[in-house]
1. Taking the criterion of being surrounded by fewer than 24 Cβ atoms within 10 Å (Cβ to Cβ), more than 9 Å from every other protein chain (Cβ to nearest Cβ) and in a strand (DSSP E or B), would at least one residue in region C:93-113 satisfy it?
2. Which is among the hydrophobic types (A, V, I, L, M, F, W, C), surrounded by 17 or more Cβ atoms within 10 Å (Cβ to Cβ) and under 15 Å from B:ALA237 (Cβ atoms), of B:ALA97, B:ALA46, B:ALA60, B:ALA88?
3. Of the residues that make up region B:463-480, is at least one more than 23 Å from B:LEU533 (Cβ to Cβ) and either surrounded by fewer than 23 Cβ atoms within 10 Å (Cβ to Cβ) or in the same structural domain as B:LEU549 (by TED's automatic domain parsing) (or both)?
4. Tell me which residues, restricted to region A:82-98, are facing chain B (nearest Cβ under 9 Å) and closer than 18 Å to A:SER194 by Cβ.
5. Suppose we keep only residues that are within 14 Å of chain B (Cβ to nearest Cβ) and in a helix (DSSP H, G or I) within region A:195-223. Which one would you say is surrounded by the fewest Cβ atoms within 10 Å (Cβ to Cβ)?
6. For C:HIS78, indicate whether it is surrounded by 18 or more Cβ atoms within 10 Å (Cβ to Cβ), outside any loop (DSSP other than H, G, I, E, B), free of Cβ contacts under 8 Å to residues at least 40 places away in the same chain and not β-branched (Val, Ile, Thr).
7. Tell me yes or no: at least one residue of region B:289-298 is at pLDDT 50 or above and within 10 Å of chain A (Cβ to nearest Cβ).
Amino acid sequence: MFQFILSGLAIGAIYGLIGMALSITFYVTRVINFAQGQAMMAAIMVTAAIASAGYPLLLAIVAGLASACAIAVVCYIVAVRPILAFDRFSFGWLVSTVGFAVVVENAAAYIWGPTSRAFPQILNETGIHIFSAVLTGQQLLGIGAAVSFAAAFELLRKRTLLGKLAMAVAADPEMASAIGANTTAFAAAAFAISGLFAGLAGVLIGPSTFANPYLGDTYGTYGFIAMMIGGGTEKPLAGMLGGFLLGVLSEGANALIDSRASDWFPFLVLVVILILTPKGLFSSGKWRFRLRSATLGRA
Amino acid sequence: MRSGTETKSGERSESAAVSSNWFGDWPRAPGYLVVIGYLALTLLVARSSLNVQSVVLVAAVFGVLAISLDLVAGMLGLYSLGQGGFFAIGAYLTAIAASDYDVNVFLPLPVVVVVTGLLGMAIGALSLRVSGLYFSITTFIFTLVLTVLATDSTITRGTQGLLGPVFPDFPDALAPLGAPVAWCAMLALLMAAALVWNIRRSPLYPVLLSIRDAEPFAEAAGVRTSLVKVAIFGLSAAMAGSAGWVFSFIGVVSPGQFDWSVSLNILVMVLVGGIDTTLGPIVGTAFVTMFPALVNINPWLQEILYGALSIVAITVFPEGVVGLAKRRLGGGSGAGETEPSAEGPSAFAPGGVPISTSGGSTGPVGRADGREVIVECRGVEFSYALGPRVLRNVDLSVHRGHIHGLIGPNGSGKSTLANIIAGRLHPQSGTIFVKGRQVDGLAPSERARRGLRRTFQAAELVRNLTTTQNVLVGLYSEVPGIARRAAIWTMLASGRRDMTSMSTRAEEALGSVGAAQWTNKQVGDVPHGIEQLTQLASVCVAGPDIIVLDEPATGLSAREVEHLAQILTALKSRGVTMIIIEHQTRFLFPLCDQVTVLNAGEVVLTGSSDEVRVNPTVRQVYLGE
Amino acid sequence: MTSENSSVLQVSSLFAGYGRFDVVRDINLRVDKGEAVGLLGPNGAGKTTILRAIMGMVKYRRGEIRVGATDVMALPTHRIARGHAAIAPEGRRLFLDQSVEDNLILGALHLRRDPKRVQALLGSVYALFPVLLEYRRRQSSFLSGGEQQMVSIGRMLMSDPEVLLLDEPSVALSPVAVDAVAKALMELRRGGASLLLVEQRIDVAVRVCDRLYIMTHGEIVEELNPRTIGLDGMSIISKYLG
């Protein structure tokens, strides 16, 4: 039993990183980036490509992370910002981020072909025994990285001026600009950070999945479920917690029900949670007010 | 037909002509031509190759889906991502029934309609609890869950899917018509388009848009918004389910056909083509489904092009292709025009036109009896969520036929009290009586149906509809059977009749408040003062017994304020009771029989205008001296 | 050149609106250095629109707006807020999930590289509103209306702007709180601050301001000096209500 909890945490770390990536952009811009999974995929493909070209592993990883950030920022500039500029409450980004995801996914398929390619194993080949359970070094690395990044983000958010400013931009973007915040730059930064998180997820899971351009959809969906279960729409950290929970439940279902249960069990959990607490499990009770009417002040 | 309108036959036909632009005093000929042309196209498709058919018919099915989505997303503003789910249910039920139970292919259709309709109504009920983005997410998950169920159950044959039934052939005599399945699909599209086209030309359309853009206004006008939302959802789901039934004859019924990306693609079709238009969803569908067939390059480059085009389409044309075309043809102009002066002599009828007897069903009868208490508040206490007390132990008695003023500084609780009387807020304790009956817990729409209407301080109207159409919303609860008939409205004689009489009444109401010049202008293009008057007209058109007015003189010029006073006086002479919240005491005091002064949530004084005006406490409270 | 030297805010021929029609037309007003100027008028007159237009928060505007020597028509809102003008908006709009001190520090965003100056400004805000010093760590949603208004004014002061813009600071406040706000504004004026104050309460405006503009229906119709016409509240009322 301990085994599935640990394996669950390991895969949950990946889900959590993507879930948190989605939460971060949603938190700041109220947009769900449907191309988030593709940012992760970009990191995987680039890292694989550079590593197999013979360059050092570290360089490949850095390049991968950078590509994920770049993809996310480009997505903001091209697909999100024009929509928000037209109407802050429009749903047009549903179309444009999906379109962007299609472009990125097929570009990757075009460049590298649709079949899986090799990905450097990093720590995947080392086994570590913890009591009765076994984890690969990669899995342990995953858990560690996810926890540290999440913690770092929270610390930044709560303790630094920039973090407080991010909270202000999220709560009342118009007022934030009235105190001197460049909300566009902020949104772009939020997308870049989300790209970093997604890219990290990619680099961590790459050794197990290999490099395939179609990974974005699956992991994007899991990240989304993680965000919804945890309540990351209200609070980014909740996305990470949701991810861990999702991972453990999936692996648990696999172990305790049958090996295919992880296909449907997470959805069942999601539906139940949404019925009970539409805002997710770990979001705070406080409301984030979007001062909608205040932006149309008359007289 | 009410006798009132028949005596003005000359004027009636004139105003019918004025409103025909929108209503569609649609010359029959072009309509028939379009239908005949469409049938000819169908014949062509039915007789063409399987290749052509497979592309066009799938497009037709998705056209139905897109139209069904536009019904809830475009007209109600609820972005449901659940169409894929209803589509799946329709297709799977049909395919399973045909292959496992060998039933006649037409039998599953009514079953599908009922099942998806009921499920749709349940989802619609969900939208009442969770709003906006969360609702979209919930419907998205609904589709996700169904896809997973379809993938993993044996009855649905997992990822392989099922082959649906074969559509029965035409009898030999009709063989020249070509493949019957083509006729089925194309006719389904025609019916869906016709249904939506009819709704657009019925009085239900302004009601739907008002629910989308100004729900409090709709509720206050007597529209049972929850019921309408649930019903429209059911209709949209049934349409999607029927599309699934059609699809089962055309393609393989497997989970990949219905997953969440399909739901999303349908939304793309609607948004790119033009939301809230009849043609838009069809144009968008054509683009999305036929694109792969027309552009035949490397499959990945093709997808890249498609993705890029959809990004460009939505960022450059956020209203969609058809939406943009409509706006260009409708002659929109740039911003920054100086507002045409509403004080010009043409803006209102000088001397004040008496309120027309447009046959309000509960036109106030009888003398303005100053004794009977028609609205009463006893011991009303109210605070918002976890906030401080906004109203403390407020008592208010309004007599029938009176104009009762409510004044007090900002934050004294006047608007809150008005909202409580109107039903938008419910007090923590205390009771409200309207016409002698307790109304606590009654929704605003129910109070409206009992004769109590209200205006809002900031007029909430549908900006891209005309003033007349907005006023029509006020008549919704007065004319029976609108929702029932909406889907076939233009084909019914009673439809045309009722529309004419309703439009006439709406225009008369607008005329009586002095906005006759603006009857066919969009509210978004109309000056603030005229918006306020439109709001008032939408209230008066239903002949209410009691009107609560929340700062009606806000933003009106001196002449408009004078005119407003005349209108209200005329209303009073017809026995209408009014409760008016106002800051402009010069306007208010001469009108009122009684005035109540609120400060910090408590009643300071109730008395005649003169008593209140000279009272030193009031002067202190209002001036803060 | 003299008027340009002494005026911190100069609005000329301003037309502004949110859609097809202008909400305010041909607005001309100025605030001189060290002056407190009031903008009075009924609901719907356009007063808030003018303040928002100065801060660049109105979609359609044309005309000229200068703060000091700078033409702010050309600047986006977040640049205007960096020392040219600052606003205490209608409804206060504090960042409610953050503490009093965080709200204030955020107000000094553009000065974050000069911590000494920020501390000095913070000190002066606490000196003006001692109760905020006591509540500095409290989450701002837990303050009373009057206290929240103080935070809003304090946040505005923290950016050390050339001109202060206040939108109905006395709305929905108890008489005691209104008095405190008025006193604070007068003290700011004594200290040399330049203010443009939108108000519905004539008594506050008359107490605080050197000059008053009266607005109705999108236009400025009167300019008065409350000292010279005497503190006759009623005559001003009838002017702006009529």
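The values are calculated or read from the model by the stated rules, or taken from the named source; none is laboratory data. As the structure is a computational prediction, the values presented were derived from the model and not from experiment. Glycine gets a Cβ as well: all are built from the backbone with ideal geometry, and neighbour counts include every protein chain shown.
1. Yes, that holds for at least one residue.
2. Of the residues listed, the single one that is among the hydrophobic types (A, V, I, L, M, F, W, C), surrounded by 17 or more Cβ atoms within 10 Å (Cβ to Cβ) and under 15 Å from B:ALA237 (Cβ atoms) is B:ALA88.
3. So far as region B:463-480 goes, yes, one or more of its residues are more than 23 Å from B:LEU533 (Cβ to Cβ) and either surrounded by fewer than 23 Cβ atoms within 10 Å (Cβ to Cβ) or in the same structural domain as B:LEU549 (by TED's automatic domain parsing) (or both).
4. A:ILE83, A:TRP93, A:LEU94, A:SER96, A:THR97, A:VAL98
5. Applying the filter and picking the extreme gives A:THR218.
6. yes
7. Checking region B:289-298: at least one residue is at pLDDT 50 or above and within 10 Å of chain A (Cβ to nearest Cβ).
Residue-wise test of (1) closer than 20 Å to A:SER177 by Cα; (2) of a type in the set (S, T, N, Q).
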site: C:PRO130; (1), (2): no, no
site: C:SER141; (1), (2): no, yes
site: C:GLY145; (1), (2): no, no
site: C:ILE153; (1), (2): yes, no
site: C:ARG189; (1), (2): no, no
